[in-house]
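Working notes, beginning with the structure itself.
The values are calculated or read from the model by the stated rules, or taken from the named source; none is laboratory data. Since we're looking at a predicted model, the values are computed, not measured. In this analysis, Cβ positions are derived from the backbone assuming ideal geometry, glycine residues included, and neighbour counts consider all displayed protein chains.
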Ligand code: NDP
Ligand code: OXD
């Protein structure tokens, strides 16, 4: 029974060393061609290798990232568990990025970058954080961590999830019926949802129409959440003030996309966060121990829900 690392060659030595120290009994392989596919019990990968169907004894597919939407259209072995990445490095870097973007939106940075390009000295009235409402779509590992990073600034915080949540200091909403109430109080809207059949296209005309005037968007979920024409229309009509777009469909964002050139859109190349090898290897090892002990794995995906 083997662990196959089908990703991130730059981490191979790090993982090999940690596995030799902590799980010496588990064979560790990085070359899919060097083993009998029936031996693959654990697979660490970002995408689905072409040999997947021959991994007849696969027990756990570990995603190298927090997202698992890349597996949704694939024929995974029915018995295999899918586990998304939950690890401290990824969480903390997402906290950094979203805090940066929310503060930049709050302090009108996109507007000032546009004014600078025109040599225009044009201050806006200042608003304190407690006079700004920030809403996070997705109250999972990353959404809740981001809310805790924003709390010390004094923003009025709210969050939206599928099932009911209770987070101290955060007005929590759940389910489709509560979406209009949630959106109506988001001066800055952060998307940290997984991409599923239910959430595809959720950042579209109807959502933007329900936000307060001059709201800002921080989009760090997945490209498939965003309807780009609707975003551009909302910006051009003055409904939205600015947008930070870290994830696009497709990636890389093609040069002809109008997102690149819009004066109040800040595009970043899917760098809001990333898995950190040093902390990820500990998280994978801890999950392998849980699996051996027959206890639930951290980050286990409900394949019927898609996240
Ligand atoms: P989790 O699975 O921990 O959390 C997902 C959250 O979304 C949950 O609160 C869930 O609700 C909510 N949700 C799911 N579907 C719906 C729905 N239909 N309506 C309302 N709420 C819904 O995921 P993570 O926090 O670990 O990651 C979130 C996403 O962040 C990833 O899937 C990925 O797309 C993105 N990401 C982006 C990165 C980047 O660099 N840009 C890096 C890493 C991740 P409930 O609590 O009820 O289950
Ligand atoms: C992830 C990502 O899912 O990098 O971890 O987006």
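Among the residues of the stretch 241-276, those identified as more than 16 Å from the chain's Cα centre (by Cα) and within 24 Å of residue 132 (Cα to Cα) are 241, 242, 243, 263, 264, 265, 266.
All conditions but one from (1) in contact (Cβ under 8 Å) with a residue 12 or more places away in the chain; (2) surrounded by fewer than 16 Cβ atoms within 10 Å (Cβ to Cβ) apply to residue 142; the one that does not is (2). In the condition set (1) out of contact with any strand residue (DSSP E or B) (no Cβ under 9 Å at 6 or more places or on another chain); (2) within 16 Å of ligand 2 (Cβ to nearest atom); (3) more than 30 Å from residue 157 (Cβ to Cβ), residue 33 is compliant with all but (2). Taking residues in the stretch 254-275 that are free of Cβ contacts under 8 Å to residues at least 12 places away in the same chain, and partners anywhere that are in a strand (DSSP E or B) and within 14 Å of ligand 1 (Cβ to nearest atom), the pairs with Cβ atoms closer than 7 Å and at least 6 places apart or on different chains are 260/267.
Could you grab me the full set of residues in the stretch 241-256 that are out of contact with any strand residue (DSSP E or B) (no Cβ under 6 Å at 6 or more places or on another chain) and either more than 13 Å from residue 267 (Cα to Cα) or at pLDDT below 95 (or both)?
250, 256
Condition check for residue 274 on (1) touching a helix residue (DSSP H, G or I) at 6+ places or on another chain (Cβ under 8 Å); (2) within 16 Å of ligand 2 (Cβ to nearest atom); (3) farther than 30 Å from residue 25 by Cα: one failure, at (3).
Tell me the residue from 175, 169 that is more than 21 Å from residue 267 (Cα to Cα) and more than 21 Å from the chain's Cα centre (by Cα), please. Of 175, 169, the one residue that is more than 21 Å from residue 267 (Cα to Cα) and more than 21 Å from the chain's Cα centre (by Cα) is 169. Taking the numbered list (1) surrounded by fewer than 16 Cβ atoms within 10 Å (Cβ to Cβ); (2) more than 16 Å from ligand 2 (Cβ to nearest atom) in turn, residue 132 passes all entries but (1).
With the condition kept exactly as written, say whether any residue in the stretch 124-136 is within 24 Å of the chain's Cα centre (by Cα), within 13 Å of ligand 1 (Cβ to nearest atom), under 17 Å from residue 188 (Cα atoms) and without any contact (Cβ under 8 Å) to a residue 40 or more places away in the chain.
No, the conditions are met nowhere in the stretch 124-136.
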